[in-house]
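Remarks on the structure that follows.
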Amino acid sequence: MRWTPLVLGALLLVVQADLWFGKGNLPYVMSLHAQLAEQQATNEAARERNARAAAEVGDLREGLEMVEEKARAELGMVRPDEIFVQLNPPRTASPPAAPR
């Protein structure tokens, strides 16, 4: 009768040791949860980026306004009856040199 509590206590220690130091220990599981949360955030950002790209593709397929806007902005294209004027920002004046 005296051995039963000792055996049960030893088994409890073995189970607890496996829980803390075994293959599926708690720190490892917690790190997996952190990795999962990070991957889910990355996936959500990729979903948003894909949705924006899909919307842009849809706009390009449906309307010529988007194509014209992109051609003007990215390629500098103008219509035949337009004049292209480019304004440069004013340069900042450098301080005058000190007399010698």
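Taken together, the values in this text are just the output of simple stated rules run on the coordinates, not laboratory data. Predicted, not measured: the structure shown is a model, and the values here were computed from it. Don't worry about glycine lacking a Cβ; one is built from the backbone with ideal geometry, like all the others, and counts go over all protein chains shown.
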Discussion item. If I model a spin label as a point 7 Å beyond the Cα along the Cα-Cβ vector, how far apart are those points for Tyr28 and Gln40 in nm?
Written reply: 2.2
Item to complete: Would you be so kind as to identify which of Val7, Val78, Val67 lies farthest towards the positive end of the dipole of the chain, taking Lys and Arg as +1 and Asp and Glu as -1 on Cβ and the Cα centre as origin?
Response: Val7
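Can you pull the semi-axes for the chain, root of five times each eigenvalue of the Cα gyration tensor, sorted largest first, whole Å?
Whole-Å semi-axes of the equivalent ellipsoid: 70, 30, 6.
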Practice prompt. For the chain, give the magnitude of the charge dipole about the Cα centre (Cβ charges: +1 Lys/Arg, -1 Asp/Glu; no others), in debye to the nearest 20.
Written response: 700
